[in-house]
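Take a look at the structure below.
The values are calculated or read from the model by the stated rules, or taken from the named source; none is laboratory data. Model, not experiment: these values are computed from the prediction. Ideal geometry is used to build each Cβ from the backbone, glycine not excepted, and the neighbour counts take in all protein chains shown.
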Amino acid sequence: MSKRHEVEPQQVGQALAQRSGTLAPFTGSQLQARRIVSHDMADSRPADAFRDLRTQLLARVGGGSLSLLVVPVAHGSGGSFVSLNLASAMAFDERRTVILVDCCLRAPQLHRRVDVAADAYGLVDFLEGRVDRVEQVVHATGVPRLLLVPAGPRREASGDLLGSARMRLLLDSLRGTSDAVSVILDAPAVAASPDARILSTMAELSVLVAGYGRDTPTAVQEAIAVLDRVRLAGVAFNRVPN
């Protein structure tokens, strides 16, 4: 590997620690408008559901750092909703920093949910070599201890980028910064592209998101068949009636 592409995890970790609390936190009404759970919301049921999912996943890796893929069965199943709220629930713990990576290169949306500028450096900029320092593509959000790597410029041919050596370099660098850092990959739908299959080999665990009453059992089983079964932690059903 050339000196140009070497990454020092300690330097990255120091930069990320400085950024994790640099923005004013969202107010309760702002979180509600963005459909982001908080630890003190009036109706605690959504937060409790994500806390429970968080606890189960962390138990699978011994309670330490976690690298997780969240992938929906189809467009509209709610994958980004689950990934963002699971990241927020993990960040309830003041000892933990969570980095959410928007891997939906064809139709990114997470930057809008957490008020990161649309023209901010993102994943594509790093993968295509326009920036070399990992910390340049990691941005603070209005959720304390939750950082975002936005997708960056849209790309239709996303498979080659997501399967590249630079993608693995980025993830290894983020995971290696600290035992208190967890990384969540927000993936495009299994039914939309081969990207989910590519990304399923890059995280310790994966969670498949299915829309309750929307995605058929056949569609769920077909999605499971695409993913790495050894790393599949389970299926999370979104929009389950109360």
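Do any residues in region 31-52 that are touching a residue at least 40 places away in the same chain (Cβ under 8 Å) and farther than 14 Å from residue 83 by Cβ have Cβ atoms under 6 Å from those of residues that are hydrophobic (A, V, I, L, M, F, W, C) and surrounded by 12 or more Cβ atoms within 10 Å (Cβ to Cβ), where the two are at least six apart or on different chains, and which pairs are they?
These pairs meet every condition: 38/31; 39/92; 47/37; 47/41; 51/89.
Find the residue count for region 50-75, including only residues that are in a helix (DSSP H, G or I) and hydrophobic (A, V, I, L, M, F, W, C).
Pass one, region 50-75, residues in a helix (DSSP H, G or I): 50-60.
From what's left, hydrophobic (A, V, I, L, M, F, W, C): 50, 53, 57-59.
Residues meeting the conditions: 5.
What do you reckon, is residue 196 part of a helix (DSSP H, G or I) and out of contact with any Cys (no Cβ under 7 Å at 6 or more places or on another chain)?
On the way: part of a helix (DSSP H, G or I): yes; out of contact with any Cys (no Cβ under 7 Å at 6 or more places or on another chain): yes.
Here the answer is yes, as residue 196 does meet what is asked.
(1) over 14 Å from the mean Cα position of the chain (by Cα); (2) surrounded by 22 or more Cβ atoms within 10 Å (Cβ to Cβ); (3) over 18 Å from residue 197 (Cα atoms): which one isn't true of residue 118, the others all being true?
It fails just one condition, (2).
When you check residue 138 against the structure, is it touching a Lys or Arg at 6+ places or on another chain (Cβ under 8 Å), modelled with pLDDT of 95 or more and closer than 24 Å to residue 77 by Cβ, yes or no?
So residue 138 does not fit the description; no.
Scanning for something buried (at least 24 other Cβ atoms within 10 Å of the Cβ), in contact with a Leu (Cβ under 7 Å, 6 or more places away or on another chain), not β-branched (Val, Ile, Thr) and not in a helix (DSSP H, G or I), does region 161-179 turn up at least one residue?
No, there is no match, as no residue in region 161-179 is buried (at least 24 other Cβ atoms within 10 Å of the Cβ), in contact with a Leu (Cβ under 7 Å, 6 or more places away or on another chain), not β-branched (Val, Ile, Thr) and not in a helix (DSSP H, G or I).
With (1) within 14 Å of the chain's Cα centre (by Cα); (2) crowded, with 22+ Cβ neighbours inside 10 Å as the list, and residue 73 as the residue in question, which single condition is left unmet?
So residue 73 meets the others, but not (1).
Filter region 126-157 down to the residues that are acidic (Asp, Glu) and either within 27 Å of residue 39 (Cα to Cα) or surrounded by 18 or more Cβ atoms within 10 Å (Cβ to Cβ) (or both) and list them by number. Even if it seems obvious, please write down each step before you answer.
Pass one, region 126-157, residues acidic (Asp, Glu): 128, 132, 135, 156.
The answer is 135, and nothing else.
Only one of these is part of a loop (DSSP other than H, G, I, E, B), within 27 Å of residue 64 (Cβ to Cβ) and not basic (Lys, Arg): 142, 152. Name it. Working first, answer last.
Values: 152 fails: within 27 Å of residue 64 (Cβ to Cβ).
Among 142, 152, only 142 is part of a loop (DSSP other than H, G, I, E, B), within 27 Å of residue 64 (Cβ to Cβ) and not basic (Lys, Arg).
Taking the residues in region 193-235 that are farther than 17 Å from residue 80 by Cβ and of a type in the set (Lys, Arg) as candidates, determine which candidate is surrounded by the fewest Cβ atoms within 10 Å (Cβ to Cβ).
Applying the filter and picking the extreme gives 229.
Of everything in region 76-121, what is among the aliphatic types (A, V, I, L, M) and part of a loop (DSSP other than H, G, I, E, B)? Give them in sequence order.
Within region 76-121, the subset among the aliphatic types (A, V, I, L, M) is 82, 84, 86-87, 89-91, 98-101, 105, 107, 110, 114, 116-118, 120.
Correct list: 91, 105, 107, 114, 116, 117, 118, 120.
Assess whether residue 88 counts as being touching a helix residue (DSSP H, G or I) at 6+ places or on another chain (Cβ under 9 Å) and modelled with pLDDT of 95 or more. Walk me through how you get there before you give the answer.
Numbers: touching a helix residue (DSSP H, G or I) at 6+ places or on another chain (Cβ under 9 Å): yes; modelled with pLDDT of 95 or more: yes.
Yes: the conditions hold for residue 88.
Return the only residue of 87, 47 being closer than 22 Å to residue 211 by Cβ and surrounded by 24 or more Cβ atoms within 10 Å (Cβ to Cβ).
Values: 47 fails: surrounded by 24 or more Cβ atoms within 10 Å (Cβ to Cβ).
Within the list 87, 47, the selection yields 87.
Quick one: in region 201-220, which of the residues that are modelled with pLDDT under 95 and among the polar types (S, T, N, Q) is nearest to the chain's Cα centre (by Cα)?
Restricting to residues being modelled with pLDDT under 95 and among the polar types (S, T, N, Q), the top hit is 201.
Would you point out which residue out of 166, 155 is farther than 24 Å from residue 58 by Cα and at pLDDT 95 or above? Give the derivation first.
On the way: 155 fails: at pLDDT 95 or above.
Within the list 166, 155, the selection yields 166.
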